[in-house]
Amino acid sequence: MLDEPLGALDKNLREQMQLEIKRIHRELGITMIYVTHDQTEAMTMSDRIAVFRDGALEQVGSPLEVYNRPVNRFVGEFIGESNFFPGRADPVHADAVDLIGIGRVRVAQRLPRASTDVLLMIRPERLRLQAASAAENEFEMLIDDVINYGDSILLIGTTREHPLRARISGNPTDDLRRSGRIKLAWSPSDAHILPRGQ
C-alpha cells in the first residue's frame, strides 16, 4: 500500500521515483495499491484505476479505458480535462447528435435508436486547427485566453456560448490571440457519448 508516496517531491525527482517504483513492482510481481490525487500520476503508475466519489466506487478499468470511456461526467472531469456539450441522440440516425445551440455532429459511437438526452464529451487534445478542407465536425472558437506550455498551447474560450478548451501541439502557424476566432476540427471517433444527468 503506497499512500501519496511522491507528494512532497519536485517534478524531476517524482518522475525518477515513478520509474523506480514501477521497476520494483515488475521485479516483485505483487499487487500494489497506489493512492494519489494526481490524475497524471494515476495514469502513469497504474495497470488499473479505481475512481471513487464520496466513498462509492464510480469506475474501475485500465487507464486508457477510464480516460477515453468514462462511465459518467464525474469520472470524465476527474481524470483529465474535458469539454461537455448537452444534446439529443437522433432517433433515426444512430451516428448523429444534435448539440444544443450548436447543431448536428457525427459520432462514431453507436447510439440507442430512441431519442435520448446525452452529453458529448471531447478531450481538448482531440481538437485540431481546421485545415482548408472540410472536416467531419468543427467548432468555431472565440478565444478568451492563450496559455503556452512550450510543447503545447491551451486555448480557453467559447463556441456559441458553450465553454471550450483546446490543446494544440506542435508549432501552430495561426495567429492565436485573445479575442481571435479560429475553426477547430474533430473526427466522429474523437467524441464519447454519456447519458445526461449522471
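Every read-out reported here was derived from the displayed coordinates using simple, explicitly stated rules and does not represent laboratory data. Please read all numbers here as calculations on a predicted model, not as lab measurements. Cβ sites come from the backbone with ideal geometry, for glycine too, and all protein chains shown count toward neighbours.
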Task: In sequence order, calculated HN-Hα J values of region 184-195 (Karplus, 6.51, -1.76, 1.60; Hz; x Gly/Pro) - done: 10, 10, 7, 9, x, 6, 7, 9, 10, 9, 10, x
Open item on the list: Taking only the Cα atoms of the chain, how large is their convex hull per residue, in Å³?
Closed with: 154 Å³
Task: For the chain, calculated [θ]222 nm from helices alone, where every DSSP H run of n ≥ 4 adds -39500 (n - 2.57) - done: -5500 deg cm²/dmol
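Ranking THR36, THR158, THR31 by Cβ neighbours within 10 Å, fewest first, what do you get? Don't skip to the end; give the middle numbers.
Numbers: THR36 17, THR158 14, THR31 9.
Fewest to most other Cβ atoms nearby, the residues stand as THR31, THR158, THR36.
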Open item on the list: Using a 10 Å cut-off around each Cβ, can you sort PHE85, PHE139, PHE52 from fewest to most neighbouring Cβ atoms?
Closed with: PHE52, PHE85, PHE139
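Working from the pairwise distances between different alpha carbons, so that the mean of 1/r is found and then inverted, what is region 35-97's Kirkwood radius in Å?
Details: mean 1/r = 0.0765 Å⁻¹.
Computed over Cα pairs of region 35-97, the Kirkwood hydrodynamic radius comes out at 13.1 Å.
I need ARG110, ARG88, ARG178, ARG165 ordered by Cβ neighbour count within 10 Å, fewest first. Before the final figure, lay out the partial values.
On the way: ARG110 9, ARG88 16, ARG178 12, ARG165 19.
Going from least to most buried by this count: ARG110, ARG178, ARG88, ARG165.
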TODO: Quote the relative contact order of region 124-189 in percent (integer), defining contacts as alpha-carbon pairs under 8 Å separated by 6+ residues.
DONE: 46 percent
- [ ] Taking 7 Å along the Cα-to-C-beta vector as the label spot, tell me the ARG106-GLU4 distance in nanometres, rounded to one decimal.
- [x] 4.8 nm
TODO: Relative to the compact-globule scaling 2.2 N^0.38 Å, provide the ratio for the alpha-carbon radius of gyration of region 124-189.
DONE: 1.02
Task: Cα-projected label distance for ALA135 with GLU20, points at 7 Å along beta-carbon direction, nm - done: 4.3 nm
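Per the Cauchy relation, a quarter of the hull surface: what is the mean projected area of the convex hull of the alpha carbons in region 91-164, in nm²? Walk me through the intermediate numbers first.
Details: hull surface 24.0 nm².
Convex hull of Cα atoms, orientation-averaged projection: 6.0 nm².
Contour minus end-to-end for MET32 and ARG181, with contour as 0.36 nm per residue of separation and end-to-end as the Cα-Cα distance? Show your work: numbers first, answer last.
Values: separation 149, 0.36 × 149 = 53.64 nm, distance 4.76 nm.
48.9 nm is the gain from fully extending MET32 to ARG181.
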